[in-house]
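Visitor: Take a look at the following structure, please.
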Amino acid sequence: MRTGMMLCVVSAIGLLSAPAVAQSARSESKKVEPRKGSAVIKRDKYGVPSIYADDTYSLFYGYGYALAEDRLFQMESTKRSSQGRAAAVFGPDYLEKDRDVLTNYDPEQLRPQLAALKGEHRLAIDGMVAGINARIAEVLASPQTLMPKQFNDYGFRPEPWTDLDIAMSWLGQLLFRFSDYSSQVSNVTLLSELTAKHGATEAKRIFSTLRWRDDPSAPLTVHVEDQQAGRAGVPGRAFRPPELSGLKPISPAAGAEEARQSVSLWGGTGPDKTPHSSNSWLANRTKLIDADAVLYSGPQVGDQVPSMIWAASLHGAGIDVTGSTYPGLPYFHFGTNGYIAWGRTALAGSILDLFQEQLNPANPREYRFKGRWVPMTKRTVRIDVKGGRSETIDLWSTVHGPVVTFDDKNRTAYSKRRSWAGREMETMFAYYDEMKAKNFTQWSAAIARKSNNQSQYYADREGNIGYIQAGRYPIRAPGHEIQLPTPGTGEREWVGFQPAADNARVLNPKRGYIANWNNRPSIDVLNTDTLLWSRLNHVDAITRQFDARDKMTVSEVWDINRDASHASKQHAYFVPLIAAAVANEPANSRIRKVADAITGWDGQQEDSTKSGRYSSPGVAAYYQWMEIALTRFFERDVPKRYLQGCETGESALNCERGQPLGAQVMYFALAKGQPGNVTPPHDFLRGGDPGAFIRKTLAEADKALTETYGAEPAKWLAKTRVKDWSNLSPAGVPWSSPEERIEYPVDQQRGTMSAFYVFRDGKVTMCDAVPPGQSGFVAPDGKPSPYYRDQQDIYTSFGCKNRPVTKAEIDAATVSEKKLSF
C-alpha cells in the first residue's frame, strides 16, 4: 500500500471484509408523485426567462424546465462531478478526481435531511426536479433537434434528476468550492520542510512570518466606528510561533498526497489558492446624489462558456424575484424582490478543522479518542468508468468526519470536521427564504441560519445598506492552533459555536458606503489558515474612488467597476518604496529609468490602442521587477518548490501577478519602520537595507527588460494577458465542447458577471451582464442558440443590460412565450 494514500482498493485490504455488493456512487431517491399544474415562461430579447405560476410546485416546475432548456449539459456536468461520477461519462482521466470527491464527502448523508423537507421547501425542490425531467424527456424523444451538441461530442445522454442531484449540485458549486478548503495540512508540510532546512527554532520564526496572524492595518469591511458586534474584540499577535503540542510530523509522501488532492479538488494548495476575486460595493443617501441606495455585485465564480451564472425571474405563490444563480440551485443567489436586493462574496472565515488522528499500531483503521481505540467507519463505493473497468474503493471516517489523508509512516490520519455538516439543507433553504425577506430584520434572520462562511450584502427601498459576516464559527478549545491540524485524541474538541448575532455586521455605516473584495470583515476577525489579510488588499481600488468624492452619482458608482477591473492589485503599495530607494540616483541611470517606468505608471493595465500590448511600459517594468525581487527575497530561506512561479498548483511565493502572499511578506520587510507596519520575527533581508535590495533587483530587472524589449524604456510594452472563458468547469470537468472556449485580448480582473441594483423613490431598477450569454444550448448540427453569446460585448465594454422587474416591464420586454401544462 502506497504511503500517504487516502483510500484503498478493496482487494488490497484485508483489515475488514468488503460487503458482497458495493454501494454505487449513485443510488435511487424516493419517487415523487406527479402533480397537475401549469406555468408560463416569458423570454426577453436576451433569452432571459420570467416564470409565472399560481403555486410553488408549478412555479419551480417552470423554473427547472427553463433552466434545462438553457443549461442541460452544464447541469449534468455539475451533478456528476459533485457526486464523484464524472468518470462514468468522461472516461478514465476523471477516475482519480472521482476518488477525491468521494473521499471528501458522502452524498448519502444528505438523505435524512432531504426526507425531512416539508411545505414550501419540499414543493420547490420536487417541482424543480419534475420540470428538469420534463425537458429531459423532450430531449430524449427528439434528440436530432433538441439534444445539446456537447452530449453527442462526449458520447452520453442526460439521465433523470432527483432531489439528491439538486442538493449535491448546490454543495458542489457552493459549499465545496467556497467553504471546504483548508491549508492546515499544507501548513504542516511547510513547517516540516522549514524545520529540515533551518532547525526547529528558526523554522518557527520563518513560518510565523509567512503565516502572520494579524496585520492591524488590513482594510476592513466593517470599520471600527461602526462595529457593534463581533468576536472577542481583542487584537491578535501579528506573528505567533506555531503551537505543536500533541501533533506528530507529516511525512513527505503524505504531504505530497494532500497537495495532489487539494489541486484536484480546489485547483491548488496553500493560502494563495483561497477564492479572493469577488467584489461588491454599496452606497446610501449619505454618499449618493441621485438615488436612495445602490448595490453592485461582481461575484467571481469562474469564467466559463457558458457562464457559471444563469439569470431568470420567478413570479407567483408569494415569490416575486428577479436575479441570477448557479445552474441547478433552487433559489436566486443574487437578486431583488422589489423590497430588498442582495449579493455576496467569498469569505475565508474558519468553519472547519483538520484533525490529526493517532492510529493504532496493531490496527491502522482504529484511532485514539478519549483514551481508547475506536474503529473507523467504513463505506464501500463503486466508481463506474467509461471505457475502463469500474473500481471499488473503501472510504473511512472518524468521529470528526471523513478521513482525507493517511500518513502510514507516522501512523496518523487527517479527518475533516465541518461546522456545516448536518446542516446542508437548512443552509440551502436559508438562501431560499432570503428571497422572501422584505426588510433587514427578516433578511438577517435568514442569514443567521446559514452555516457556510460568506460575506452578505443588503440594500432596500428605504435607502438602507448593510453587511453581515455569515457562517457558523466553532469555538475552539484553549491552546488550539488555527493554522495547523488539531490533535484528534479528544482533548481539543470544539466547545460550541459562536452565536450568529456576534458575527461582524453593519447597517448604514457612517461613511455612507460598504466595499469588499474578499477583505477582512472587522478588526477582531483574525487570519486563519486560508486567506491572510494584510495592508495590501485590492479593495483599495474601490474605496479610493469612494473617498475621492463627498457625493457620487449612480453612474459614477457603476464606473468604479471599470477602474477596479484594470487596476494592478499591488503596484500602488510599492511605488513610494521604489521612489524612495532611487531618490539619490542620477536621472540618467539605468536603475532610475526602470524605477521611473514603474512609478510613472498609473497602475491601469490597459491597451488603449488595441495593439495587443499594454499602453504603459510600467506594466512590463513592474512585473519583471516583482518576479525578480520575490525570487531573490525568498530563495535563501524557503525550499525551491515554493519558487516555481505563477503556473504551479502549489502555493508559489514568487508569483508576481494578482495579490500573492509572497508580495505581502516582502512588503512587510521593505516597509520596515514605517508607521502602522508590522515587523516580522524573521528577516529575509538578513540585515540588509531595503533600499539597497530594491536598487539591486531593479538593476536585474533592467537587464531582463533590455534583453526582451531593448534598452529604450518606451519600448517596454508587454503583450496583454488575455481573458479566457474556459470549456472546463471550476471542478476541472467538461463544461462545454473544446471549440467553445473564448479568448478576449485584454484581461479584466472582475466578476463572472456584473449586476447593479438602484433604489429610487421606493422602486428598484436592475441591470446586469452575464457573458457570454444566457443560453449554453448548441444544436446537434452545431448551430448555437441566438442567446449563446449576445452579452459578451456588453460585458467587455462595461455595459449593463436592463432587467425587467415589474409585470408591466416584463410584458413589454417579452419576445416569446411558452405555456407548460402537466
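The values are calculated or read from the model by the stated rules, or taken from the named source; none is laboratory data. In this text, all values refer to a predicted model and were calculated from it rather than measured experimentally. No Cβ is skipped: glycine too gets one built from the backbone with ideal geometry, and neighbour counts run over all protein chains shown.
Visitor: Which residues, taken from the stretch 343-368, are within 30 Å of ALA769 (Cα to Cα) and either out of contact with any strand residue (DSSP E or B) (no Cβ under 6 Å at 6 or more places or on another chain) or of a type in the set (D, E, K, R) (or both)? Spell out the reasoning first.
Guide: Keep residues of the stretch 343-368 that are within 30 Å of ALA769 (Cα to Cα), which gives 343-349.
Result: ARG344, ALA346, ALA348, GLY349.
Visitor: A further question follows. Looking only at residues that are within 42 Å of the chain's Cα centre (by Cα) and free of Cβ contacts under 8 Å to residues at least 12 places away in the same chain in the stretch 570-592, which one is nearest to GLY662 (Cα to Cα)?
Guide: Filtering first and then ranking leaves PRO576.
Visitor: When ARG240 is evaluated against the numbered criteria (1) under 30 Å from GLY84 (Cα atoms); (2) out of contact with any strand residue (DSSP E or B) (no Cβ under 9 Å at 6 or more places or on another chain), which criterion, by number, is the only one it fails?
Guide: In the conditions (1) under 30 Å from GLY84 (Cα atoms); (2) out of contact with any strand residue (DSSP E or B) (no Cβ under 9 Å at 6 or more places or on another chain), ARG240 misses (1) alone.
Visitor: Quick test for you: out of LEU630, LEU653, pick the one residue that is in contact with a Gly (Cβ under 7 Å, 6 or more places away or on another chain), among the aliphatic types (A, V, I, L, M), at pLDDT 95 or above and within 30 Å of GLU258 (Cα to Cα).
Guide: Working: LEU653 fails: at pLDDT 95 or above.
Going through LEU630, LEU653 in turn, the sole match is LEU630.
Visitor: Let me ask you something else. Is it the case, given these coordinates, that SER81 is in contact with a Lys or Arg (Cβ under 9 Å, 6 or more places away or on another chain) and either under 20 Å from LYS801 (Cα atoms) or touching a residue at least 24 places away in the same chain (Cβ under 8 Å) (or both)? Let's see the steps before the verdict.
Guide: On the way: in contact with a Lys or Arg (Cβ under 9 Å, 6 or more places away or on another chain): yes; either under 20 Å from LYS801 (Cα atoms) or touching a residue at least 24 places away in the same chain (Cβ under 8 Å) (or both): yes.
Considered against the rule, which asks whether it is in contact with a Lys or Arg (Cβ under 9 Å, 6 or more places away or on another chain) and either under 20 Å from LYS801 (Cα atoms) or touching a residue at least 24 places away in the same chain (Cβ under 8 Å) (or both), SER81 comes out as yes.
Visitor: Also: So ASP353 fits all but one of (1) farther than 24 Å from ASP180 by Cβ; (2) buried (at least 22 other Cβ atoms within 10 Å of the Cβ); (3) among the charged types (D, E, K, R); what number is the exception?
Guide: With (1) farther than 24 Å from ASP180 by Cβ; (2) buried (at least 22 other Cβ atoms within 10 Å of the Cβ); (3) among the charged types (D, E, K, R) applied to ASP353, the lone miss is (1).
Visitor: Restricting to the stretch 240-258, give me the number of residues that are surrounded by fewer than 22 Cβ atoms within 10 Å (Cβ to Cβ) and in contact with a helix residue (DSSP H, G or I) (Cβ under 9 Å, 6 or more places away or on another chain).
Guide: The total comes to 9.
Visitor: Could you list all residues from the stretch 480-518 that are touching a Leu at 6+ places or on another chain (Cβ under 7 Å) and either of a type in the set (A, V, I, L, M) or more than 25 Å from LYS416 (Cα to Cα) (or both)?
Guide: LEU484, TYR513, ILE514
Visitor: In addition: Are there any pairs, at least 6 apart or on different chains, whose C-beta atoms fall under 6 Å, with the first in the stretch 57-78 and within 21 Å of SER142 (Cα to Cα) and the second β-branched (Val, Ile, Thr) and assigned to a helix (DSSP H, G or I), and if so, which?
Guide: Short answer, once both residue conditions are applied: GLY64/ILE132; ALA68/ILE132.
Visitor: Sort out which residues of the stretch 421-456 are surrounded by 20 or more Cβ atoms within 10 Å (Cβ to Cβ), of a type in the set (Ser, Thr, Tyr) and within 18 Å of GLN113 (Cα to Cα), and write them in order of number.
Guide: Hits for the stretch 421-456 are THR427, TYR431, SER451.
Visitor: Can you tell me how many residues in the stretch 762-796 are outside any helix (DSSP H, G or I) and under 30 Å from PRO158 (Cα atoms)?
Guide: Taking the stretch 762-796 as the starting set, the residues that turn out to be outside any helix (DSSP H, G or I) are 762-791.
Pick out the ones that are also under 30 Å from PRO158 (Cα atoms) and you get 769-791.
The qualifying residues number 23.
Visitor: Go through the stretch 543-631 and tell me which helices (runs of 4 or more DSSP H), entirely inside it, have 3 or more residues that are within 20 Å of LYS696 (Cα to Cα).
Guide: Result: 571-581, 590-599.
Visitor: Only one of ASP384, ASP303, ASP290, ASP353 is at pLDDT 95 or above and farther than 30 Å from GLY732 by Cβ. Can you tell me which? Even if it seems obvious, please write down each step before you answer.
Guide: Values: ASP384 fails: farther than 30 Å from GLY732 by Cβ; ASP303 fails: farther than 30 Å from GLY732 by Cβ; ASP353 fails: farther than 30 Å from GLY732 by Cβ.
Only one candidate passes the filter, namely ASP290.
Visitor: Ok, one more. How do the pairs read when you match residues in the stretch 767-778 that are without any contact (Cβ under 8 Å) to a residue 60 or more places away in the chain and within 12 Å of GLN792 (Cα to Cα) with residues anywhere that are assigned to a loop (DSSP other than H, G, I, E, B) and of a type outside the set (Gly, Ala, Ser), using Cβ under 8 Å and keeping only pairs 6 or more apart or on different chains?
Guide: The qualifying pairs are ALA769/MET753; ALA769/GLN791; ALA769/CYS800.
Visitor: Hey, another quick one. When you go through (1) over 30 Å from SER262 (Cβ atoms); (2) assigned to a helix (DSSP H, G or I) one by one for ARG157, which number turns out not to apply?
Guide: Exception for ARG157: condition (2).
Visitor: Looking at the stretch 786-798, can you tell me whether even one residue there is in contact with a His (Cβ under 9 Å, 6 or more places away or on another chain), within 19 Å of VAL758 (Cα to Cα) and at pLDDT 95 or above?
Guide: Residues of the stretch 786-798 that are in contact with a His (Cβ under 9 Å, 6 or more places away or on another chain), as a first pass: none.
No, the stretch 786-798 contains no residue that is in contact with a His (Cβ under 9 Å, 6 or more places away or on another chain), within 19 Å of VAL758 (Cα to Cα) and at pLDDT 95 or above.
Visitor: Looking at this structure, is LEU117 in contact (Cβ under 8 Å) with a residue 40 or more places away in the chain and assigned to a helix (DSSP H, G or I)?
Guide: Working: in contact (Cβ under 8 Å) with a residue 40 or more places away in the chain: yes; assigned to a helix (DSSP H, G or I): no.
The answer is no for LEU117.
Visitor: Of these, SER77, SER81, SER142, which one is surrounded by fewer than 23 Cβ atoms within 10 Å (Cβ to Cβ), on the phi < 0 side of the Ramachandran plot and either out of contact with any Leu (no Cβ under 6 Å at 6 or more places or on another chain) or among the acidic types (Asp, Glu) (or both)? Reasoning before the result, please.
Guide: Details: SER77 fails: surrounded by fewer than 23 Cβ atoms within 10 Å (Cβ to Cβ); SER81 fails: surrounded by fewer than 23 Cβ atoms within 10 Å (Cβ to Cβ).
On inspection, the qualifying residue turns out to be SER142.
Visitor: Now, a different point. What pairs come up if the first residue lies in the stretch 608-635 and is without any contact (Cβ under 8 Å) to a residue 60 or more places away in the chain, the second is assigned to a helix (DSSP H, G or I) and of a type in the set (Phe, Trp, Tyr), and their beta carbons are under 8 Å apart, counting only those six or more places apart or on different chains?
Guide: As it stands, the answer is TYR622/PHE574; MET626/PHE574; PHE634/TYR642, since those pairs meet every condition given.
Residue-by-condition table, conditions (1) among the hydroxyl-bearing types (Ser, Thr, Tyr); (2) surrounded by fewer than 20 Cβ atoms within 10 Å (Cβ to Cβ):
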site	(1), (2)
LYS672	no, yes
GLY676	no, yes
PRO680	no, yes
LEU685	no, yes
GLY688	no, yes
LEU705	no, no
THR708	yes, yes
TRP716	no, no
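Visitor: For the stretch 24-82, how many residues meet the condition of being modelled with pLDDT of 95 or more and charged (D, E, K, R)?
Guide: Quick first cut of the stretch 24-82, residues modelled with pLDDT of 95 or more only: 37-82.
Within this subset, residues satisfying the condition of being charged (D, E, K, R) are 42-45, 54-55, 69-71, 76, 79-80.
Adding up the residues that qualify gives 12.
Visitor: Would you pick out the residues in the stretch 590-623 that are of a type in the set (Ser, Thr, Tyr), out of contact with any His (no Cβ under 7 Å at 6 or more places or on another chain) and buried (at least 16 other Cβ atoms within 10 Å of the Cβ)?
Guide: Step one: of the stretch 590-623, the residues of a type in the set (Ser, Thr, Tyr) are 599, 608-609, 611, 614-616, 622-623.
Next, only the ones that are out of contact with any His (no Cβ under 7 Å at 6 or more places or on another chain) stay: 599, 608-609, 611, 614-616, 623.
The answer is THR599, TYR614, SER615, SER616, TYR623.
Visitor: Taking only the stretch 690-703 into account, find how many residues are over 30 Å from THR609 (Cα atoms), buried (at least 19 other Cβ atoms within 10 Å of the Cβ) and among the hydrophobic types (A, V, I, L, M, F, W, C).
Guide: The total comes to 2.
Visitor: I'd like the full set of residues that are surrounded by fewer than 21 Cβ atoms within 10 Å (Cβ to Cβ), small (Gly, Ala, Ser) and touching a helix residue (DSSP H, G or I) at 6+ places or on another chain (Cβ under 6 Å), limited to the stretch 99-139.
Guide: Selection gives ALA134 alone.
Visitor: Hey, another quick one. Is it fair to say PHE355 is touching a His at 6+ places or on another chain (Cβ under 6 Å) and closer than 30 Å to ILE319 by Cβ? Don't jump to the end; show me each part of the working.
Guide: Values: touching a His at 6+ places or on another chain (Cβ under 6 Å): yes; closer than 30 Å to ILE319 by Cβ: no.
No, not satisfied.
Visitor: Go through the stretch 160-198 and count every residue that is surrounded by fewer than 22 Cβ atoms within 10 Å (Cβ to Cβ) and touching a strand residue (DSSP E or B) at 6+ places or on another chain (Cβ under 8 Å).
Guide: Total satisfying the criteria: 2.
Visitor: What number of residues within the stretch 628-637 are surrounded by 20 or more Cβ atoms within 10 Å (Cβ to Cβ) and within 20 Å of THR708 (Cα to Cα)?
Guide: Residues flagged as surrounded by 20 or more Cβ atoms within 10 Å (Cβ to Cβ) and within 20 Å of THR708 (Cα to Cα) within the stretch 628-637 amount to 3.
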